[in-house]
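Have a look at the structure below, then the notes.
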Amino acid sequence: MTSTTDLDAVAAVRALVPDIRAAADETERNRRPSPAIIQKLVDARLFDLIKPKSIGGIETDVMTMMHVIEEAAIGDASIGWCLGIGLGTSIMSGSVSEDVAREVFAPGLIPGGAFAPTGRAIPVDGGFRITGRWQFASGSPHCSWFGAGSLVFDGDQPRMISPEMPDWRMPLFPRADVEIIDTWHTGGMRGTGSHDIAVKDIFVPDERIVRMGAGEPVQSGPLYRYPIIGFLALTIAPVATAIARHAIDELVELAQKKVALTTQKTVRDRAVPQHQIAEAEAELRAARAFMYEAAEEAWDVLTVGDPVSMRQRAMIRLSCVHATMASVKATDIAYRLGGGTAVYETSVLQRLMRDVHTITQHVQLSPNNYEPVGRVLMGLDPGGMVF
């Protein structure tokens, strides 16, 4: 399944985990990833995993990408998240000409932005004029290029390509054209630098406009035919499982020496914590396995040239939501077992608890996704949800 290069990427990110953890306080305090850590990720070529080989990228498989994001997030959730966003945005490198891909997605460059189509695109000769403001542009302080979801307007109304689907485009802007607005003051995932971004009446040529969900990709590999919405979910859900992994490991370490005042026993030697930590481990491992299984099933279908079915698409979304909810449960168990120790800012457990609950607010990972997946399982259409 993985090549030597892919295995090197996993080894490379594991080697960086001590540095990532050492910089975690700086990352949180400054509300952006440590520039030194971002440079280490760039030097290890981790932001190049999704870029096509034809432009110097690595073009790995989806499961290896997930593994790399997860390992980075075990070091610090904010770093894993920003790596995932950079890799998620890089999927557009397969849908533009190779000349544009070399300009925007060249090895070492970090793309970012926001896929939600809150911008307005007005057709003009040779391209579009774009105006808009977008929330949650994670990693914006270190990005070289930005993509920003925009709807094409004819007059005052969005252009529709079907009764349900508007004409949704992703213009690509150089950093110099983008205003970064300092809005990221949050309870969790503080180190992601997920500020608002904005542009006003910027011309973007046709060749730097990606049409979402329509047309054939320029690159022929299975990576660029993977369902885009599911792919994006798989760039962030591994951050949740990484948080839970970190929380369980942190609690087990704490349990070796933390003594309960009421029993004078260590947490390790008490029956209730033993039961609960085993439950957390089982929840995490089962949900994580489902996520990787759903991702690989779609990958296997694409590698033999078949399309990914609606049910398979729905399973990707379901597995990502379930992995997130299971990670919340596991992390909360570890936090509660940490007792009074866990409430202090010096405790990793309180940060992990804040981070994992913040992740549940993402539209792709919210429990609101259960209903449309259930519709698909019952043989119905997904009720307007795009998988």
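The values are calculated or read from the model by the stated rules, or taken from the named source; none is laboratory data. Please read all numbers here as calculations on a predicted model, not as lab measurements. Here Cβ is always computed from backbone atoms with ideal geometry, including for glycine, and neighbour counts include all displayed protein chains. What goes into the accessible areas is simple: the full protein's heavy atoms, side chains included, and nothing from ligands, DNA or RNA. Shrake-Rupley method; radii C 1.70, N 1.55, O 1.52, S 1.80 Å.
Is there a quick way to get the dipole size of the chain? I mean about its Cα centre, with the Cβ of Lys and Arg at +1 and of Asp and Glu at -1; what is the value in debye to the nearest 20? Could you put the intermediate results ahead of the total?
Details: 37 positive and 46 negative charges, 197 e Å.
Dipole about the Cα centre, nearest 20: 940 debye.
Local charge sum around residue 221 (other residues, Cβ-Cβ under 13 Å, Lys/Arg +1, Asp/Glu -1)?
On the way: positive: 51, 53, 225; negative: 59, 61, 216.
Around residue 221, the charge tally is 0.
Would you list 48, 8 from the most to the least accessible area, probe 1.4 Å? Display every interim value, and only then the final one.
On the way: 48 5, 8 95 Å².
The residues order as 8, 48, largest area first.
Could you work out the per residue convex hull volume over the alpha carbons of region 1-131, in cubic angstrom? Intermediate results must be reported in sequence, preceding the final value.
Details: hull volume 15.6 nm³, N = 131.
Per-residue hull volume (Cα only) is 119 Å³.
Give the lysines whose C-alpha is closer than 29 Å to that of residue 40, dropping any in the same chain fewer than 8 places away, or say none.
Straight-distance partners of residue 40: 51, 53.
Can you sort 265, 200 by 1.4 Å-probe accessible area, starting with the largest?
Details: 265 110, 200 170 Å².
In descending accessible area the options line up as 200, 265.
Determine the gain in length on full extension of the stretch residue 8-residue 310; use 0.36 nm per residue of separation and subtract their C-alpha separation, reporting nm with one decimal. The partial results should precede the final answer.
Values: separation 302, 0.36 × 302 = 108.72 nm, distance 3.37 nm.
Result for the pair: 105.3 nm of gain on full extension.
According to the square roots a ≥ b ≥ c of the eigenvalues of the Cα gyration tensor, what is the shape class of region 61-187, taking rounded for a/c under 1.5, prolate for a/b larger than b/c otherwise, and oblate for the remainder?
Working: a/c = 1.80, a/b = 1.58, b/c = 1.14.
Prolate.
Over the heavy atoms of residue 320, what accessible area does a 1.4 Å probe trace out, to the nearest 10 Å²?
Only protein atoms counted, so the area is about 0 Å².
Could you work out which residue, out of 107, 18, 222, moves most in a Gaussian network model of the chain, that is, has the largest mean-square fluctuation with Cα springs under 10 Å?
18
I'd like the accessible area for residue 55: 1.4 Å probe, protein heavy atoms, all chains in place, Å² to the nearest 10.
20
How do 322, 185 rank by accessible surface area computed with a 1.4 Å probe, from largest to smallest? Kindly include the intermediate steps, with their values, before the conclusion.
Details: 322 70, 185 125 Å².
Reading off the accessible areas and sorting them downward yields 185, 322.
Show that you can apply the helix-only estimate: for the chain, add -39,500 (n - 2.57) for every DSSP H stretch of four or more residues, divide by all residues, and state [θ] at 222 nm to the nearest 500. Walk me through the numbers before you get to the answer.
On the way: 12 runs with 177 residues, N = 387.
Computed ellipticity for the chain at 222 nm equals -15000 deg cm²/dmol.
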